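Shown next, in C-alpha cells, is the structure this report addresses.
What follows is calculated from the coordinates using simple rules that are stated; it is not laboratory data. It should be emphasised that the depicted structure is a prediction, and the values quoted were computed from it without experimental measurement. No Cβ is skipped: glycine too gets one built from the backbone with ideal geometry, and neighbour counts run over all protein chains shown.
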Amino acid sequence: MTLHIFDTVEALSQAAAVLIAAKVLEKPDCVLGLATGSTPVPTYEKLIEMNRAGAIDFSRVTTYNLDEYCRLPEEHEQSYHRFMKDHLFDHINICPENTHVPDGNAADPDAEGIAYDAAIAAAGGIDLQLLGIGRNGHIAFNEPCDRFIWHCHAVKLAESTIQANKRFFDSEDQVPRMALSLGIGSIMAARQVLLLATGEEKAEAVKALVTGDVTPMVPASILRHHPNTVILCDKAAASLL
Ligand code: GLP
C-alpha cells in the first residue's frame with residue numbers, strides 16, 4: 001500500500017485522473033471500477049477535460065460501479081445511475097452499453113448481486129478500482145460488520161452513513177435505508193485500487209485504514225492485504241497520521 005499526501009484537493013484530483021488516464025492509455029479496453037460520492041467529482045471533471053482535449057479515449061473502456069441505493073428510481077437525482085451520467089458518462093465518449101451500475105430496484109437483490117459479480121468476472125475482472133471512503137471506514141457500501149462480506153449483496157446502511165448522506169436529500173427520511181453493494185471480494189480482486197480521501201471528516205477513517213488493525217469493523221482496512229493499493233489523501237484527511 002502506498003500513501004501520497006497532497007496540499008490541495010485540486011492536486012490530488014489531478015494525480016488521480018492521471019493514474020486513471022494512464023491505465024486507459026496502457027489498456028484501451030480496460031475495465032474500470034467507479035465510485036460515487038463527492039470525493040471523486042473533481043477527478044471526474046479532470047477526466048472529462050482530458051477526454052475533450054483528446055488525451056484519453058473511453059470508447060473501448062468498460063465500467064462497473066460499486067453500488068446503488070435500493071428502491072430509488074434510476075432517474076432520481078440522487079440515484080447513482082443519475083450521478084454517473086451527470087458527473088461523467090454524459091460528458092465523455094464512453095459507450096452507454098459499456099457502463100454498469102447495480103440495479104437497486106431488482107426484484108431479487110441476491111440474484112442481481114450474483115449476476116453483477118458474474119458480469120465483472122466475464123469482463124475479465126477490474127483493472128483499476130476507484131474508491132472513496134466513508135467516515136466509518138466503509139468502502140462501497142460495505143458497512144462495519146462482524147465479518148467481511150465477499151460477494152455483491154444488499155446491505156442495511158449504517159446510521160452514520162445515513163447521517164453523512166442526508167446532505168444530498170431534502171430530508172433525512174428520504175435517504176434510502178438499503179443499498180446493493182459490491183462485496184469486499186470483487187474490490188480485493190481488482191488488479192489495482194486507487195482510494196481517495198479528502199477532508200477532515202475522513203481523518204479518523206484514514207488513520208484506522210493506515211495504522212489500525214485489519215478488521216471488518218473498518219472495512220477499508222482489508223486493503224492492507226491488497227498487493228497494489230494507492231491511497232491519495234489531502235492534508236486534512238491525513239491530519240491524524
Ligand atoms: C458513499 C458511497 C461510497 C463513498 C462514500 C464517501 O456512501 N457509497 O462509495 O466512497 O460514501 O462519500 P463522499 O465521497 O461523499 O464522502
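Report, ordered by chain and residue number, the lysines lying within cross-link reach of residue 166, taken as a straight Cα distance under 16 Å and ignoring same-chain residues fewer than 8 apart.
Candidates past the 8-residue exclusion: 156.
Starting at 0 and stepping by 5 Å, how many percent of the alpha carbon pairs of the range 1-148 end up in each bin?
Final binned percentages: 2, 9, 17, 23, 21, 16, 9, 4, 1, 0.
Calculate the dipole size of the range 106-211 relative to its Cα centre from +1 charges on Lys and Arg beta carbons and -1 charges on Asp and Glu beta carbons; express the result in debye to the nearest 20.
320 debye
Would you be so kind as to identify all helices of the chain, as entire DSSP H runs, whose Cα atoms reach 18 Å or more along the helix's own axis and whose mean Kyte-Doolittle hydropathy is at least 0.0?
9-26, 109-122
Which listed residue (181, 73, 13) has the Cα farthest towards the positive end of the charge dipole for the chain, taking +1 on Lys and Arg C-beta and -1 on Asp and Glu C-beta about the Cα centre?
13
For a bin width of 10 Å, list the pair-distance distribution of the range 181-241 built from all Cα-Cα distances, rounded to whole %.
Percent of Cα pairs in each bin: 24, 53, 23.
For a label point 7 angstrom out from the Cα of residue 228 toward its Cβ, which stretches of the range 13-56 have the backbone nitrogen within less than 20 Å?
Correct set: 15-35.
Which FRET efficiency value, to the nearest 0.05, is calculated for residue 214 and residue 118 with the Förster distance at 25 angstrom and r the Cβ-Cβ distance?
Once the sixth-power term is evaluated, E becomes 0.35.
Identify all aspartates and glutamates with a Cα-Cα distance to residue 202 below 18 Å; exclude those on the same chain that are fewer than 8 residues away in sequence.
7, 10, 143, 159, 213, 234
Could you work out [θ]222 nm for the chain from helices alone, using -39500 (n - 2.57) per DSSP H run of at least four and dividing by all its residues? Round to the nearest 500 deg cm²/dmol.
-9000 deg cm²/dmol
Which one of 132, 116, 64 is farthest out on the positive end of the charge dipole of the range 1-135, using unit charges on Cβ (Lys, Arg +1; Asp, Glu -1) and the Cα centre as origin?
Of the options given, the answer is 132.
Specify the inter-centroid distance of the range 223-241 and the range 160-214, based on alpha-carbon positions, in whole Å.
So the separation of the two Cα centres works out to 14 Å.
Run the dipole for the chain about the Cα centre, Lys and Arg Cβ at +1, Asp and Glu Cβ at -1, nothing else charged, and hand back the magnitude in debye, nearest 20.
Details: 19 positive and 32 negative charges, 131 e Å.
Charge dipole of the chain: 640 debye, to the nearest 20.
What does the highest-first list of 130-139, 163-172 look like by mean Cβ count within 10 Å?
My ranking of the peptides, most packed first, is 130-139, 163-172.
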